[in-house]
Every structure is written in C-alpha cells, then in structure tokens.
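Take a look at the structure below.
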C-alpha cells in the first residue's frame with residue numbers, strides 16, 4: 001500500500017474516531033517555541049487504543065529534541081519550528097510550528113507530494129492544539145482533517161493506567177468547557193449592559209424587567225403606559241398624584257401596567273366613545289382615589305371610565321377632569337379603560 005494512500009486512510013480513520021471537538025482558528029501572535037521546549041510525550045485520550053493498519057495507538061505524540069516526532073501510529077515525522085499563518089478553508093489560521101513527512105520541507109512540497117501536514121498551536125506550556133491538513137486542489141485551499149488537543153505527560157504520569165489518563169483528560173476537558181461557559185456568560189453580560197445603555201436603561205436587569213412588562217425605558221422609569229396594542233395615538237397614562245385611601249392622602253403608589261388588545265376590543269364592544277387608553281392598575285388597598293396623569297386632556301373634557309370586574313365592564317366614578325389629569329374613585333384593583341365622549 002502506498003504512503004499516500006496510507007495517509008489518506010489515516011486522515012479518514014482518525015477524523016471518524018476523534019471526539020475532541022472542532023479546531024479553533026487563531027489569529028493571535030504565535031508563541032516562541034523550540035524543539036527542546038516541546039520535547040517529550042503528549043497525550044490525547046481520543047486516540048488511545050485505536051487500532052489501524054495492524055497497530056494500536058498509545059494516544060501519544062512523541063517529540064524529540066532533534067526536531068523529529070513520532071505520531072500515534074509510530075510514523076516518524078519532522079518538526080518545522082516556523083511560526084506562521086495559513087489559509088485553511090478560506091480562514092487565516094496562525095500556528096506556532098508545523099510538522100509532516102520527512103520529504104516535505106515546505107507546504108508546497110506537501111501539496112506536490114499529496115501529503116498531509118499537521119499544524120500546532122500552543123495553549124500554554126503543557127497544552128497544544130493539533131490540526132491535520134490536506135490540500136484541496138479543487139478549491140485551492142488547505143482543508144481540515146482531524147483535530148485534537150494534546151496535554152504534556154509529566155514524568156510522574158508515565159506509569160498511570162489508561163483509565164487514570166482518560167479520567168484526567170475528561171476532568172481537564174470539563175474544566176475547559178466550564179471556563180468557556182464563564183467567558184461566554186461574561187461576554188453576554190457585557191453585551192446586555194451595552195444594549196441596556198443604548199435603550200436608556202440603567203442596567204440589564206432593569207431592561208429585562210421592562211421587557212417582561214413590554215415597556216420602553218420611558219414607560220418603565222415613569223410608571224406609565226404610553227402605547228397600547230389596538231389603540232392608535234393612545235393618551236399616555238401614569239400616576240399623577242398621591243393616592244387617597246379611606247379618605248386619607250398617602251404616600252402609596254399605584255403600578256400602571258400594559259394590557260392585551262383583547263381588553264381594547266372588549267371595551268369598544270361594551271361602550272360608546274373613543275378609547276383613550278386601557279391599563280392595569282394595582283395599588284395596596286381594596287379601593288382608592290387615584291389621580292392619573294394623562295397629558296393632552298383638557299379641563300372640562302367629557303371623560304368616562306370603566307373597570308373590568310368579573311368578566312364585565314363596570315362604570316367608574318370620575319371625580320375630576322382637569323388639564324392633563326383624570327381622577328377616578330376605584331373600588332378595586334384591575335383593568336381600567338378611559339373613554340372620550
């Protein structure tokens with residue numbers, strides 16, 4: 001069997017068997033490494049015990065100080081300590097060194113020989129990433145084969161069993177996933193804070209609260225409802241003064257919230273007049289006289305109100321209508337509709 005065919009088979013077999021995840025392209029400045037600094041055994045559990053061509057992989061890359069290394073199948077390769085970047089499937093990938101068959105001194109040699117090459121990215125002194133590449137002549141770029149992360153084997157680890165090595169590798173991968181999850185969470189938090197600032201919120205938590213209530217920042221901070229589904233040019237509604245409860249002026253507040261368009265349709269069917277707005281009003285009492293701020297309302301305007309109670313609209317006493325204010329005597333919490341007659 002030719003060496004070229006063997007290499008093609010190796011790429012296919014290892015790609016199918018490897019469960020280490022996708023290779024992450026890098027564009028950062030490559031690290032300074034040497035044959036001496038990487039000399040030793042590097043382990044990946046995904047290759048350990050894999051059978052191919054009558055050989056059983058030990059899951060190791062064996063790097064030597066003379067600049068050569070043996071792959072997991074015992075093939076002798078040559079390291080080229082040349083940090084550079086390469087176009088891989090139309091993405092620029094930076095690497096710290098590369099390796100391949102002894103006849104391939106350059107990437108062009110590998111292209112011409114139909115060989116595969118490996119690029120390596122250092123992830124600290126004891127961890128590196130490996131990408132196996134083959135030349136796609138049809139698309140004129142290098143394409144990915146198998147990818148993996150390798151961990152340096154310390155002398156104290158040399159007598160560990162395969163199960164122990166696999167357990168340690170699993171623990172390392174778990175820690176790596178947790179680190180990535182924390183980084184992603186941090187990026188998402190920064191993104192949300194930026195989005196909140198753009199929309200006029202003090203922080204992301206308040207933005208999320210407002211979104212859950214379908215409110216803009218202005219509606220959220222002013223305890224108001226400006227737009228309501230089903231009403232064009234709705235008159236804004238907010239609390240316009242202190243609540244009167246049991247005849248006493250208090251510092252209590254009412255919460256003004258949005259309602260669905262179903263309430264708008266319902267009040268239009270039940271009452272005549274123009275619907276100015278429909279809101280949900282909640283306050284800490286069974287009943288209260290509530291002063292609503294409604295900009296645009298003029299003194300003497302014919303304003304009526306109704307409250308949705310037990311599935312029906314009940315008339316509400318309008319205590320006062322003055323410039324920008326409508327005062328209602330509410331007998332309960334709930335949905336209130338304002339109409340102009």
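Only one residue in 273, 240 is farther than 25 Å from residue 213 by Cα and touching a residue at least 60 places away in the same chain (Cβ under 8 Å), so which one is that?
Going through 273, 240 in turn, the sole match is 273.
Only residues that are touching a strand residue (DSSP E or B) at 6+ places or on another chain (Cβ under 8 Å), at pLDDT 80 or above and loosely packed, with under 14 Cβ neighbours inside 10 Å were counted across segment 144-176, and they come to 1.
Consider residue 170 carefully, then state whether it is without any contact (Cβ under 8 Å) to a residue 24 or more places away in the chain, more than 22 Å from residue 76 (Cβ to Cβ) and not assigned by TED's automatic domain parsing to the domain that holds residue 32.
Details: without any contact (Cβ under 8 Å) to a residue 24 or more places away in the chain: no; more than 22 Å from residue 76 (Cβ to Cβ): yes; not assigned by TED's automatic domain parsing to the domain that holds residue 32: yes.
For residue 170, the condition - without any contact (Cβ under 8 Å) to a residue 24 or more places away in the chain, more than 22 Å from residue 76 (Cβ to Cβ) and not assigned by TED's automatic domain parsing to the domain that holds residue 32 - is not met.
Could you please let me know if residue 278 is in the same structural domain as residue 229 (by TED's automatic domain parsing) and in contact with a helix residue (DSSP H, G or I) (Cβ under 7 Å, 6 or more places away or on another chain)? Spell out the reasoning first.
Numbers: in the same structural domain as residue 229 (by TED's automatic domain parsing): yes; in contact with a helix residue (DSSP H, G or I) (Cβ under 7 Å, 6 or more places away or on another chain): yes.
Judged against the criteria, residue 278 is a match.
Would you be able to say whether some residue in segment 194-208 is over 30 Å from residue 263 (Cβ atoms), assigned to a strand (DSSP E or B) and not assigned by TED's automatic domain parsing to the domain that holds residue 262? No, the conditions are met nowhere in segment 194-208. Against the definition (assigned to a helix (DSSP H, G or I) and touching a helix residue (DSSP H, G or I) at 6+ places or on another chain (Cβ under 7 Å)), how does residue 173 come out, yes or no? Against the criterion (assigned to a helix (DSSP H, G or I) and touching a helix residue (DSSP H, G or I) at 6+ places or on another chain (Cβ under 7 Å)), residue 173 does not qualify. You will find that of 289, 235, the residue that is touching a residue at least 12 places away in the same chain (Cβ under 8 Å), in the same structural domain as residue 324 (by TED's automatic domain parsing) and under 43 Å from the mean Cα position of the chain (by Cα) is 235 and no other.
In the set (1) over 36 Å from the mean Cα position of the chain (by Cα); (2) closer than 20 Å to residue 33 by Cβ, the condition left unmet by residue 98 is number (1).
Of the residues making up segment 56-111, those that are part of a strand (DSSP E or B), farther than 27 Å from residue 169 by Cα and touching a strand residue (DSSP E or B) at 6+ places or on another chain (Cβ under 7 Å) number 7.
The values are calculated or read from the model by the stated rules, or taken from the named source; none is laboratory data. What you see is a predicted model, and the numbers here were worked out from it, not measured in a lab. Note: ideal-geometry Cβ built from the backbone for every residue, glycine included; neighbour counts use all protein chains shown.
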